[in-house]
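Chemist: After the structure tokens below, expect a handful of questions from me.
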Amino acid sequence: MAATFRGTTPEPPDVRPRLTVLSGPSGVGKSTVVAHMRKEHPEVWLSVSATTRRPRPGEKHGVHYFFVSDEEMDKLIANGELLEWAEFAGNRYGTPRTAVLEHLESGVPVLLEIDLQGARQVRESMSEAHSVFLAPPSWEELVRRLTGRGTEPPEVIERRLEAAKIELAAEPEFDATLVNTSVEDVARELLALMEVV
Ligand code: ADP
Ligand code: 5GP
């Protein structure tokens, strides 16, 4: 006899892979964690954002960001080519829409590493999105990491720390929080949340 299903109609299996949004204050370690995770799990696709910020030493166009002019960013926005965009500490950043949708359609887990304003927009427009907040072990450690990275002048660090206060206050909006004490631990926890492992 065939097994009888008791209860409500089962949900159809969720065949679409996860769209995960990773946010957290500048300097908390988002890029470090994601780079570590993708070394072992290159099947996770990280969206490459467009930005009007200047490249840091070692950053490559098309790999870390698409570095665009203000005029190019204006066009991307006007043509609806961005899934979300935001101004952060004096520069604009946005997620190219088509690449994200194509990867999800072809069954690839997608990760967006974007700021709070962008995370809010994606939550509104993509109901399947799962949002993860990366928190520092303490405020002092965040300041130490951001300053220690040595990539921004003091006035830019100040702007980013001002933004960090707002971002930290928004932590309860997220589906999950990971505290970046150990890069290895957080990378493993993030993979589990993405349902990759
Ligand atoms: P974000 O991408 O969030 O702005 P980064 O990945 O650039 O941050 O990290 C900022 C700084 O903190 C870098 O110098 C990085 O090496 C350091 N860092 C990242 N994670 C940790 C950690 N778990 N412990 C100590 N330092 C860390
Ligand atoms: P950074 O200049 O340090 O690379 O990034 C600054 C902030 O912009 C970080 O919080 C980063 O997550 C965010 N960011 C990067 N790309 C995007 C994007 O496409 N959209 C949004 N909204 N934020 C982004």
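Chemist: Look at segment 63-82 and say how many of its residues are more than 26 Å from Pro153 (Cβ to Cβ) and of a type outside the set (Asp, Glu).
Modeler: Total satisfying the criteria: 7.
Chemist: Among the residues of segment 31-41, is any in a loop (DSSP other than H, G, I, E, B), among the polar types (S, T, N, Q) and either within 16 Å of ligand 2 (Cβ to nearest atom) or modelled with pLDDT of 95 or more (or both)?
Modeler: Looking only at segment 31-41, we keep the residues that are in a loop (DSSP other than H, G, I, E, B), and these are 41.
With the extra rule that they be among the polar types (S, T, N, Q), the set shrinks to none.
The answer is no, given that none of the residues of segment 31-41 is in a loop (DSSP other than H, G, I, E, B), among the polar types (S, T, N, Q) and either within 16 Å of ligand 2 (Cβ to nearest atom) or modelled with pLDDT of 95 or more (or both).
Chemist: Mind counting the residues in segment 61-72 that are within 11 Å of ligand 2 (Cβ to nearest atom) and either assigned to a loop (DSSP other than H, G, I, E, B) or buried (at least 19 other Cβ atoms within 10 Å of the Cβ) (or both)?
Modeler: 1
Chemist: Going through Gly27, Gly90 one at a time, which residue ends up being at pLDDT below 95 and within 11 Å of ligand 2 (Cβ to nearest atom)?
Modeler: Numbers: Gly27 fails: at pLDDT below 95.
Going through Gly27, Gly90 in turn, the sole match is Gly90.
Chemist: Let me ask something else. Can you tell me how many residues within segment 28-46 are of a type outside the set (Lys, Arg), open to solvent by 50 Å² or more (accessible area, probe 1.4 Å) and over 21 Å from Trp85 (Cα atoms)?
Modeler: Final tally of qualifying residues: 5.
Chemist: What are the residues in segment 8-24 that are at pLDDT 95 or above and either more than 10 Å from ligand 2 (Cβ to nearest atom) or open to solvent by 60 Å² or more (accessible area, probe 1.4 Å) (or both), if any? Give the derivation first.
Modeler: As a first pass, look at segment 8-24 and keep what is at pLDDT 95 or above: 19-24.
Within segment 8-24, Leu19, Thr20 qualify.
Chemist: For segment 47-58, enumerate the residues that are closer than 28 Å to Thr181 by Cβ and either open to solvent by 40 Å² or more (accessible area, probe 1.4 Å) or more than 13 Å from ligand 2 (Cβ to nearest atom) (or both).
Modeler: Arg56, Pro57, Gly58
The values are calculated or read from the model by the stated rules, or taken from the named source; none is laboratory data. Keep in mind that this is a model prediction, so the values were computed, not measured. Neighbour counts run over all protein chains shown; Cβ positions are idealised from the backbone, glycine included. Surface accessibility is based on the protein's heavy atoms, side chains included, excluding ligands, DNA and RNA. Shrake-Rupley method; radii C 1.70, N 1.55, O 1.52, S 1.80 Å.
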